[in-house]
Amino acid sequence: MTAYGITYDTGFVNEGVSTREPFDPDVVRREMRIIHDDLHCSAVRITGGDPDRLELAARCAADAGLALWLSPFTCGLTVDELLALLGDLATRAERLRLAGADVVFLTGSELSIFNIGFLPGDTLADRLGSLAGGRAAVGQVATRINDFLGRAVTLVRERFGGRISYAALPFEQVDWAPFDIIATDAGYRSAATADRFADEIRAFAAQDKPVAVTEFGCMTHRGAAALGARADVIIEWDGATPVRLTDDYVRDEAEQATYVRELLDVFTEAGVDTVFVNTFASYHLPRRDGTRRDLDLASYGIVTVFEDRLGATYPDMPWEPKAAFNTLAGYRASTPAT
């Protein structure tokens with residue numbers, strides 16, 4: 001494994017609701033140091049939709065000694081808006097690269113679901129509904145995605161001289177010819193895929209370009225490992241705002257930690273080049289009193305976020321490490337990067 005890291009959210013915005021508020025540069029700077037010095041990560045995947053936030057976090061990551069994967073993760077943008085954003089970010093990424101940062105640029109993340117023009121529907125809920133409708137809705141996705149990505153790669157390469165990838169979903173059927181790295185956000189093992197997961201990862205890693213699992217992880221409740229990526233099913237929403245959990249779930253940090261460790265082993269043994277645990281912190285899913293109010297149980301974060309107090313391990317940070325934090329911190333020492 002050549003790069004080993006974690007995703008870092010700067011704010012995913014849907015219906016005007018951001019997953020990262022407030023966004024404090026001093027906290028970002030400190031967290032990047034912790035990711036490098038204490039988690040022993042060699043890379044960080046920086047996600048979100050605000051170019052200023054993405055650049056600031058990228059500079060903090062580079063200053064901390066991390067390789068950075070600049071990964072716009074947007075919602076509700078049109079094709080023209082996406083291209084404008086990618087062009088802007090490519091220029092910023094090149095400035096970082098020329099200043100000495102190790103930068104990989106991603107031309108988007110799961111575009112077909114979260115943005116407009118690939119699946120039917122003007123809202124995220126509409127697009128998810130059309131996706132659930134089956135093959136008819138998905139049929140044109142590959143053509144539309146690859147047409148867009150072809151334009152995006154051309155635009156980005158005019159402005160950025162480093163390596164390029166895209167955080168894909170399997171049904172998008174991405175043509176990887178224009179890219180330097182093959183990447184997937186579908187790194188989750190669930191009860192439904194457990195029997196074939198390791199074989200699929202080995203096949204994924206055996207391709208003729210470097211491969212990356214840009215997202216995998218586990219929630220923090222008993223039974224979470226069986227759900228894989230389906231955190232949304234245990235949350236009650238008010239529009240894009242998480243309100244409470246759908247049932248009385250039991251906190252199980254050990255299950256989250258075990259899942260992360262097992263999948264890191266799978267990816268290492270398969271020969272995956274780069275992996276990113278999802279995620280460092282879910283600021284929009286804080287820990288609260290009362291089982292159904294404790295949104296942290298639905299969080300993939302390896303730290304538990306507080307709304308009204310600071311942590312004990314890092315008294316200047318509004319969170320406390322979970323068991324998975326310690327698992328991840330110890331993994332690099334036991335299986336050093338090559």
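The values are calculated or read from the model by the stated rules, or taken from the named source; none is laboratory data. In this text, all values refer to a predicted model and were calculated from it rather than measured experimentally. Cβ: placed from backbone, ideal geometry, glycine included. Neighbour counts: every protein chain shown. Just so you know, the surface numbers come from the protein's heavy atoms only, side chains and all, with ligands and any DNA or RNA stripped out. Shrake-Rupley method; radii C 1.70, N 1.55, O 1.52, S 1.80 Å.
Considering only region 17-54, state which residues are of a type in the set (Lys, Arg) and either at pLDDT below 95 or not in a helix (DSSP H, G or I) (or both). Scanning region 17-54 gives Arg20, Arg45. Before we move on, is Gly133 over 29 Å from Ala281 (Cα atoms), among the small types (Gly, Ala, Ser), modelled with pLDDT under 95 and open to solvent by 40 Å² or more (accessible area, probe 1.4 Å)? Criteria met by Gly133. If the condition is being outside any loop (DSSP other than H, G, I, E, B), surrounded by fewer than 18 Cβ atoms within 10 Å (Cβ to Cβ) and touching a residue at least 60 places away in the same chain (Cβ under 8 Å), then region 238-257 contributes Thr241, Ala254. The C-beta contact set for region 82-97 (first residue free of Cβ contacts under 8 Å to residues at least 60 places away in the same chain and at negative phi, second residue part of a helix (DSSP H, G or I) and open to solvent by less than 10 Å² (accessible area, probe 1.4 Å), distance under 9 angstrom, 6+ apart or interchain) comprises Leu89/Leu54; Leu89/Val156; Arg92/Leu54; Arg92/Ala58; Leu96/Ala58. In region 269-290, the residues that are within 11 Å of Phe306 (Cα to Cα) reach residues that are open to solvent by 50 Å² or more (accessible area, probe 1.4 Å) with C-beta atoms within less than 6 angstrom, at least six apart or across chains, in these pairs: Pro286/Glu307.
Return yes when Val260 is in contact (Cβ under 8 Å) with a residue 12 or more places away in the chain, assigned to a strand (DSSP E or B), open to solvent by less than 10 Å² (accessible area, probe 1.4 Å) and not aromatic (Phe, Trp, Tyr) and no when it is not. Spelling it out, it is not the case that Val260 is in contact (Cβ under 8 Å) with a residue 12 or more places away in the chain, assigned to a strand (DSSP E or B), open to solvent by less than 10 Å² (accessible area, probe 1.4 Å) and not aromatic (Phe, Trp, Tyr). Across region 65-84, the number of residues qualifying as open to solvent by less than 20 Å² (accessible area, probe 1.4 Å) and either assigned to a strand (DSSP E or B) or under 15 Å from Ala152 (Cα atoms) (or both) comes to 8.
Among residues of region 1-42 being in contact (Cβ under 8 Å) with a residue 60 or more places away in the chain and basic (Lys, Arg), the one that is least open to solvent (accessible area, probe 1.4 Å) is Arg20. Return yes or no: is Leu54 under 21 Å from Ala240 (Cβ atoms) and open to solvent by less than 10 Å² (accessible area, probe 1.4 Å)? It is true that Leu54 is under 21 Å from Ala240 (Cβ atoms) and open to solvent by less than 10 Å² (accessible area, probe 1.4 Å). Just one of the numbered conditions (1) assigned to a helix (DSSP H, G or I); (2) within 22 Å of Asp296 (Cβ to Cβ); (3) open to solvent by 10 Å² or more (accessible area, probe 1.4 Å) is not true of Asp199: (2).
With Ala99, Ala93, Ala62, Ala142 as the choices, which residue is open to solvent by 30 Å² or more (accessible area, probe 1.4 Å), over 26 Å from Val260 (Cα atoms) and among the hydrophobic types (A, V, I, L, M, F, W, C)?
Ala99
Taking Ile182 as the residue in question, decide whether it is crowded, with 18+ Cβ neighbours inside 10 Å, of a type in the set (Val, Ile, Thr) and in contact with a His (Cβ under 9 Å, 6 or more places away or on another chain). Taking the combined requirement at face value, the residue does not satisfy it.
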